[in-house]
There are 2 protein chains.
Amino acid sequence: MCTNRRPDGNPKGSCAQKGSEALKDQLKKAAEARGLGTRVRVMTSGCQDVCHLGITVSVWPDGVFYGRVTPADVDEICDRHFARGEVVERLVVSDSDFDPA
Amino acid sequence: MCTNRRPDGNPKGSCAQKGSEALKDQLKKAAEARGLGTRVRVMTSGCQDVCHLGITVSVWPDGVFYGRVTPADVDEICDRHFARGEVVERLVVSDSDFDPA
């Protein structure tokens, strides 16, 4: 999960400004509460380069890239993706999101 | 690349204490100098959980995990792995490294 922080007022914003540090803790605790702590490593990352899509979460080795993740999405990511390997399609960033016209 | 930093004196040490912040900059610049900047995203990460193997570098989507990476390894990682897709075997962490007896 990106926890890059830019200075307040930067027009790009940043995932940390959107609350990603707390969201990372929430996701990690939710995974651990489900007994997934030894199988899933929730970790921070630097900027993932698509700041307008933050908060961003990349899941490896699955190659799944989630954007606009909020605290309301954490349980679903854990219960569906981490526990059952299902991609949460509504959060997946599309190619057009990457390069907005 | 892990850029986690623990306080000085922590027995685990940390990748940042081993110089990973500068190493990340070096790797990023080396990739860019080879014209790989649009294809390879060099980014920081939090702790990758095997601090005794630091400095650690995970390469995705390749699923390659390098340990004990030093400034002397940067050109080879760029020239062989990033440019040609060859794994630099001598840096790959083995299963026994993960769980030292």
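For the structure I just gave you, tell me whether residue B:6 is away from chain A (no Cβ under 13 Å), surrounded by 15 or more Cβ atoms within 10 Å (Cβ to Cβ) and on the phi > 0 side of the Ramachandran plot. Let's see the steps before the verdict.
On the way: away from chain A (no Cβ under 13 Å): yes; surrounded by 15 or more Cβ atoms within 10 Å (Cβ to Cβ): yes; on the phi > 0 side of the Ramachandran plot: no.
Spelling it out, it is not the case that residue B:6 is away from chain A (no Cβ under 13 Å), surrounded by 15 or more Cβ atoms within 10 Å (Cβ to Cβ) and on the phi > 0 side of the Ramachandran plot.
So which of A:12, A:28 ends up being in a loop (DSSP other than H, G, I, E, B) and either among the charged types (D, E, K, R) or surrounded by fewer than 18 Cβ atoms within 10 Å (Cβ to Cβ) (or both)? Talk me through it step by step, then tell me what you get.
Details: A:28 fails: in a loop (DSSP other than H, G, I, E, B).
None of the other options fit; the residue is A:12.
The lone criterion from (1) at pLDDT 95 or above; (2) within 14 Å of chain A (Cβ to nearest Cβ); (3) farther than 26 Å from residue A:56 by Cα left unmet by residue B:73 is number (2). For the stretch A:50-70, taking the residues that are of a type outside the set (Gly, Ala, Ser) and either over 24 Å from residue B:65 (Cα atoms) or assigned to a helix (DSSP H, G or I) (or both), the one that is nearest to the other protein chains (Cβ to nearest Cβ) is identified as A:50. The set of residues in the stretch A:31-49 that are among the small types (Gly, Ala, Ser), in a loop (DSSP other than H, G, I, E, B) and farther than 16 Å from residue A:20 by Cα comprises A:35, A:37. Working only within the stretch A:58-68, note down all residues that are open to solvent by 10 Å² or more (accessible area, probe 1.4 Å) and closer than 15 Å to residue A:23 by Cβ. Residues satisfying the conditions are A:58, A:59, A:68.
The values are calculated or read from the model by the stated rules, or taken from the named source; none is laboratory data. Keep in mind the model is a prediction, meaning the values are calculated, not measured. Note that we place each Cβ from the backbone using ideal geometry, even for glycine, and neighbour counts take in every protein chain shown. Side chains are part of the model used for accessible areas, which takes the heavy atoms of the whole protein and leaves out ligands, DNA and RNA. Shrake-Rupley method; radii C 1.70, N 1.55, O 1.52, S 1.80 Å.
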